[in-house]
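Participant: One structure follows; several queries about it will come next.
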Amino acid sequence: MSGLAVVIEDDEAIGALVGAYLEQAGFNVVRECTGKAGLDAVERRQPRFVVLDLGLPDLDGFELCRQLRGTGDIPILILTARDEEADRIIGLELGADDYLTKPFSPRELVARVRAILRRAEPVPPESQVIEVGELRLDLRSRSVTIAGSKVALRTLEFELLVELARHAGHVATRDRLLDRVWGMSFAGGTRTVDVHVAQLRKKLGRPEMIQTVRGVGYRILEGQVPQDA
Ligand code: CA
């Protein structure tokens, strides 16, 4: 993923952490510590999305959210220390696209950002379905069928399958899969990929479809090439 993110957060440590993770996920990041500077940055830079801490020293977070909404259709992810349901609802009613309650995992933040951007920028119709042999992925309904039978997958399994299927026939390294599906490489994490691939194979009922490329990663194949008659 790419594009500019504006992070408005007065807590230096949290701002730095969020910035680092978003940069690792491929975004350029502008950090601001006050609502006013944040609003200016959004108006000037027109970022792809905004991460907004509700508890800022100068402006009320809700008011700021309202003003940010006024600058256009830029997706907003709210960070909040307040856990009250009312706050959540108000935040979303104000036009925020999602929120995270502190403390949150930076990896989850990246995952939420990806989800927001996917929703904000719908893929054109022709690329909403990916087919590999008898496997069919519908990105809009997030449904998977194999030879017409529905396969129930968990979120990460689906994301992993999409990533493999987008590059059918080509090897995806474990690191690339970690980066694309989980949002970053985390220590000792490639085992996570292996576990999820094993699950996928089981659920698809076609273990041979996802090939292991030893020491490198995985590759999804259309199956056997039909013989000429
Ligand atoms: Ca704060």
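Participant: Express the relative contact order of the stretch 129-220 as a whole percentage, based on alpha carbon pairs under 8 Å and six or more residues apart in sequence.
Facilitator: It comes to 27 percent, rounded to a whole number.
Participant: Which percent, to the nearest 5, of DSSP beta bridges fully inside the chain are antiparallel?
Facilitator: If we restrict to bridges inside the chain, about 50 percent are antiparallel.
Participant: Please report the accessible area of TYR21 (heavy atoms, 1.4 Å probe, ligands and nucleic acids excluded) in Å², nearest 10.
Facilitator: Surface open to solvent at TYR21 totals about 50 Å².
Participant: Then there's this: Just to confirm the number: angle between the C-alpha axis of helix 35-45 and the first principal axis of the chain, 0 to 90 degrees, nearest 10?
Facilitator: Computed tilt is about 50 degrees.
Participant: Can I ask one more? How much net charge surrounds GLY55 when only the other residues with a Cβ under 10 Å from the Cβ of GLY55 are counted, with Lys and Arg +1 and Asp and Glu -1? Don't skip to the answer; put the middle values down first.
Facilitator: Values: positive: ARG82, LYS102; negative: GLU9, ASP10, ASP11, ASP53, ASP60.
Summing Lys and Arg as +1 and Asp and Glu as -1 gives -3.
Participant: Provide Rg over Rh for the stretch 129-220; use the alpha carbon set for both Rg and the Kirkwood Rh (inverse mean inverse pair distance).
Facilitator: In the stretch 129-220, Rg relative to Rh is 0.94.
Participant: Another one. Over all Cα pairs of the chain, how is the pair count split among 5 Å bins, expressed in % and running from 0 up to the last occupied bin?
Facilitator: 1, 6, 13, 16, 15, 13, 11, 10, 7, 4, 2, 1, 0, 0, 0
Participant: Arrange the residues HIS170, HIS196 by how much accessible surface each exposes, largest first, with a 1.4 angstrom probe.
Facilitator: Accessible-area ranking of HIS170, HIS196, largest first: HIS170, HIS196.
Participant: Share of the stretch 3-120's accessible area from carbon and sulfur, percent, 1.4 Å?
Facilitator: Here carbon and sulfur together make up 49 percent of the probe-accessible area.
Participant: Here's another thing I want to ask about it. Only four residue types carry charge here, +1 at the Cβ of Lys and Arg and -1 at the Cβ of Asp and Glu. Report the dipole size of the chain about the Cα centre in Debye, rounded to the nearest 20. Don't skip to the end; give the middle numbers.
Facilitator: On the way: 31 positive and 35 negative charges, 219 e Å.
Computed charge dipole of the chain: roughly 1060 debye.
Participant: Still on this structure: How high is the relative contact order of the chain, given as a whole-number percent (alpha carbon pairs under 8 Å, six or more residues apart)?
Facilitator: On the way: 359 pairs, mean separation 30.3, N = 229.
Averaging sequence separation for qualifying contacts and normalising by length gives 13 percent for the chain.
Participant: Can you tell me the 0 to 90 degree angle between the C-alpha axis of helix 12-24 and the longest principal axis of the chain, rounded to 10?
Facilitator: On a 0 to 90 degree scale, this one is about 30.
Participant: Projecting each Cα onto the charge dipole of the chain (Lys/Arg +1, Asp/Glu -1 at the beta carbon, about the Cα centre), which of GLY35, PHE104, LEU64 comes out farthest on the positive side?
Facilitator: Working it through, the farthest residue towards the positive pole turns out to be PHE104.
Participant: How much accessible area per residue does the chain have, counting only protein heavy atoms and a probe of 1.4 Å, in square angstrom?
Facilitator: 52 Å²
Participant: Under the rule of at least 5 residues apart or a separate chain, name every residue whose amide H is placed under 5 Å from the amide H of LEU139.
Facilitator: Amide H neighbours of LEU139, under 5 Å, 5+ apart: VAL129, ILE130.
Participant: If you line up the long axis of helix 61-70 against the longest principal axis of the chain, both from Cα atoms, how many degrees apart are they, to the nearest 10?
Facilitator: 70 degrees
The values are calculated or read from the model by the stated rules, or taken from the named source; none is laboratory data. Values in this document were obtained by computation on a predicted structure and should not be read as measured data. Methodologically, a virtual Cβ is constructed for each residue, glycine included, from the backbone with ideal geometry; neighbour enumeration extends over all protein chains shown. For the accessible areas, the whole protein counts, side chains as well, though only heavy atoms, and no ligand, DNA or RNA atoms are used. Shrake-Rupley method; radii C 1.70, N 1.55, O 1.52, S 1.80 Å.
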